Structure formats: structure tokens, C-alpha cells
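Structure record follows, encoded as C-alpha cells.
The values are calculated or read from the model by the stated rules, or taken from the named source; none is laboratory data. For clarity, every value in this text was computed on a predicted model and none was experimentally measured. Cβ coordinates were reconstructed from backbone atoms using ideal geometry, including for glycine residues, and neighbour counts include every protein chain displayed.
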Amino acid sequence: MPETKKRSERKMPRKRRAEVLDAAARVFHAKGYEATSIQDIADEVGILKGSLYYYISSKEDVLFEMLQEVHTAALETVVEAVAADGNPLEKIHAFVETLARFNAENTIRMGILLHDFRSLGDERRNEIVRERDQYDKILRKLIVEGKDSGLIRDEIDPKITALAVMGMINSIYHWFKPSGPQRAGHVGSVYADLVVASLTSGS
């Protein structure tokens, strides 16, 4: 029994920290990172400001950890999707469908990732940018492979196309409403079909 209690005590801080990050995400989304104070986050969590420092050391630490978490989750999902068997065009479809669906399912944190990362210090901001660039590298490689295999039109520019596709996906947080009529999975499918059609039409 004492051992069970110890395990529970070890888990509680992690659970509470996750609650703090969720609360911070809501406040950042509503007020913007720059306008948010530690007191705002404490109020959202429902604890005293002094108690909040047990879980975090600074507002920037909260932002950085939040961005790392959402990036890691998104990238793992995408890597798993493109690792499945299929030709380059099928993998591009899986890439777009998966990432678009993830963005639609996580509009608050994706919006913070794509907008408020600029508020990080230089070193941390550069790290987030390097991590973000991994999506572009994966997609650009698949487009090149698709051209080499004759599945994608010769005139397609891999760099510009990858940037255009990522821009389209990254805009989802601006308009998608989880409570609206569209479902995240449907958004992913429509985006993926649209991208594949644009790469192959007229071939």
C-alpha cells in the first residue's frame, strides 16, 4: 500500500504540470502570448501564482515545452503515416491527410506553434524552426521520388510545392472550428485529395 501511494505521488506532479500546460495554451490562445501573465495562467489553473512556480519556472519555459510537445506528437504521427507501404504519391496523400487532420484536431496548440514561436529567445526559436523544417524535408523528398518514378508531373517544383502545401495545412487553425459541421478527418481527406490531384492532373 505505501508503494502504491508513492507511485501516485510521483505521478501527480506530472499530471498537474500537464494541466498547467493545457491552461496556458487556452490563455495564450485567447489573449496572445505577449499579453498573458503568469497570474493569468495561475487563475486559469485555479491556483495561487506562487504555487504555479512549483510546476514552471517562467512563461517562456511553458511556451517552449508546449511547442516541443505538439511538434513531437505531430511529427511522430506523420512519420508513422509515411512509413506504411505505398508509392510516393500514396505517401504524399498519407502525409497531407495525417498532418491536416492533426492540425484540425489541435487548432489551439498548432496556432500557438505557428504564431507565438517568434516570442521565444533566439536559441529556442531556432530549435523550433529546425524541428518545423523536418516536415518540409519529408514532403519535398516524397515529391522528388514521385517525379523520379513518373507519378508526378515533370514541371512540379519540389521546393515551391512543399512550401505551398505546408502553407495550406498551416492555415487550418485560422478557420477550422471543432464545433462546426466539418470533421477533422474529412478536412484531412479533402486536403490530401486536392494535393494529389494537383500533382498529377494533366500527366
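Which members of the range 157-189 meet the condition of being over 17 Å from the mean Cα position of the chain (by Cα), more than 20 Å from ASP133 (Cβ to Cβ) and not in a helix (DSSP H, G or I)?
Residues satisfying the conditions are SER179, GLY180, PRO181, GLN182, ARG183.
Is it the case that some residue within the range 104-122 is acidic (Asp, Glu) and either touching a strand residue (DSSP E or B) at 6+ places or on another chain (Cβ under 9 Å) or surrounded by fewer than 17 Cβ atoms within 10 Å (Cβ to Cβ) (or both)?
Taking the range 104-122 first, the residues acidic (Asp, Glu) are 105, 116, 122.
Going one step further and asking which of them are either touching a strand residue (DSSP E or B) at 6+ places or on another chain (Cβ under 9 Å) or surrounded by fewer than 17 Cβ atoms within 10 Å (Cβ to Cβ) (or both), we end up with 122.
Among the residues of the range 104-122, at least one is acidic (Asp, Glu) and either touching a strand residue (DSSP E or B) at 6+ places or on another chain (Cβ under 9 Å) or surrounded by fewer than 17 Cβ atoms within 10 Å (Cβ to Cβ) (or both), which makes the answer yes.
Within the range 33-73, how many residues turn out to be over 22 Å from the mean Cα position of the chain (by Cα) and of a type in the set (Lys, Arg)?
Total meeting the criteria: 1.
Kindly indicate whether ILE128 is part of a helix (DSSP H, G or I), at pLDDT below 95 and surrounded by 15 or more Cβ atoms within 10 Å (Cβ to Cβ). Steps first, answer last, please.
On the way: part of a helix (DSSP H, G or I): yes; at pLDDT below 95: yes; surrounded by 15 or more Cβ atoms within 10 Å (Cβ to Cβ): yes.
Yes, satisfied.
Being among the polar types (S, T, N, Q), at pLDDT 90 or above, in contact with an Asp or Glu (Cβ under 9 Å, 6 or more places away or on another chain) and part of a helix (DSSP H, G or I): is that true of THR77 here?
Numbers: among the polar types (S, T, N, Q): yes; at pLDDT 90 or above: yes; in contact with an Asp or Glu (Cβ under 9 Å, 6 or more places away or on another chain): no; part of a helix (DSSP H, G or I): yes.
No: the conditions fail for THR77.
Return only the number of the condition from (1) assigned by TED's automatic domain parsing to the domain that holds ASP122; (2) touching a Lys or Arg at 6+ places or on another chain (Cβ under 6 Å) that ALA42 does not satisfy.
The number of the failed condition is (1).
For the range 51-62, does any single residue satisfy the condition of being among the aliphatic types (A, V, I, L, M) and either at pLDDT 85 or above or not in a helix (DSSP H, G or I) (or both)?
Here is the first cut: in the range 51-62, the residues among the aliphatic types (A, V, I, L, M) are 52, 56, 62.
Narrowing the set further to residues that are either at pLDDT 85 or above or not in a helix (DSSP H, G or I) (or both) leaves 56, 62.
Yes - at least one qualifying residue is present in the range 51-62.
Would you say LEU52 is without any contact (Cβ under 8 Å) to a residue 40 or more places away in the chain, on the phi < 0 side of the Ramachandran plot and surrounded by 13 or more Cβ atoms within 10 Å (Cβ to Cβ)? It would help to see each step written out before you state the result.
Working: without any contact (Cβ under 8 Å) to a residue 40 or more places away in the chain: yes; on the phi < 0 side of the Ramachandran plot: yes; surrounded by 13 or more Cβ atoms within 10 Å (Cβ to Cβ): yes.
So LEU52 passes the test.
Residues checked against (1) buried (at least 20 other Cβ atoms within 10 Å of the Cβ); (2) under 30 Å from SER37 (Cβ atoms); (3) not aliphatic (A, V, I, L, M):
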{"residue": "LEU67", "(1), (2), (3)": "yes, yes, no"}
{"residue": "ALA74", "(1), (2), (3)": "yes, yes, no"}
{"residue": "ASN87", "(1), (2), (3)": "no, no, yes"}
{"residue": "ILE92", "(1), (2), (3)": "yes, no, no"}
